[in-house]
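Down below is the structure, laid out as structure tokens.
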Amino acid sequence: MTGLNEGWTYLTDAQATWAYALCGFIFALVMILGGRLQDRYGPKLGANPRRPVPGRGCILAGLMKVTSA
């Protein structure tokens, strides 16, 4: 590849599927635990610690470098 795309490696379909499946599984697991926390302690305590998590995840995803196997 040349130009703007030089140096990038792209995910295969299988790699992208695994990443999406893992994200969905972790999301479901965390939502179950978060719902139980919310039922026990109320919505304010359950939501406040999770507020910065999506932003940190986006920053981490932007910093990751994909290497081809």
Discussion item. Which count do you get for residues in region 10-24 that are exposed (fewer than 10 other Cβ atoms within 10 Å of the Cβ) and either of a type in the set (A, V, I, L, M, F, W, C) or closer than 20 Å to G62 by Cβ (or both)?
Written reply: 1
Worksheet entry | Selection count, region 48-69, where residues are farther than 27 Å from E6 by Cβ and either modelled with pLDDT under 70 or touching a Leu at 6+ places or on another chain (Cβ under 7 Å) (or both) | 2
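The values are calculated or read from the model by the stated rules, or taken from the named source; none is laboratory data. Predicted model, so just to flag it, every value in this text is computed and none were measured. With ideal geometry, Cβ positions are generated from the backbone for all residues, glycine too; neighbour counts draw on all protein chains shown.
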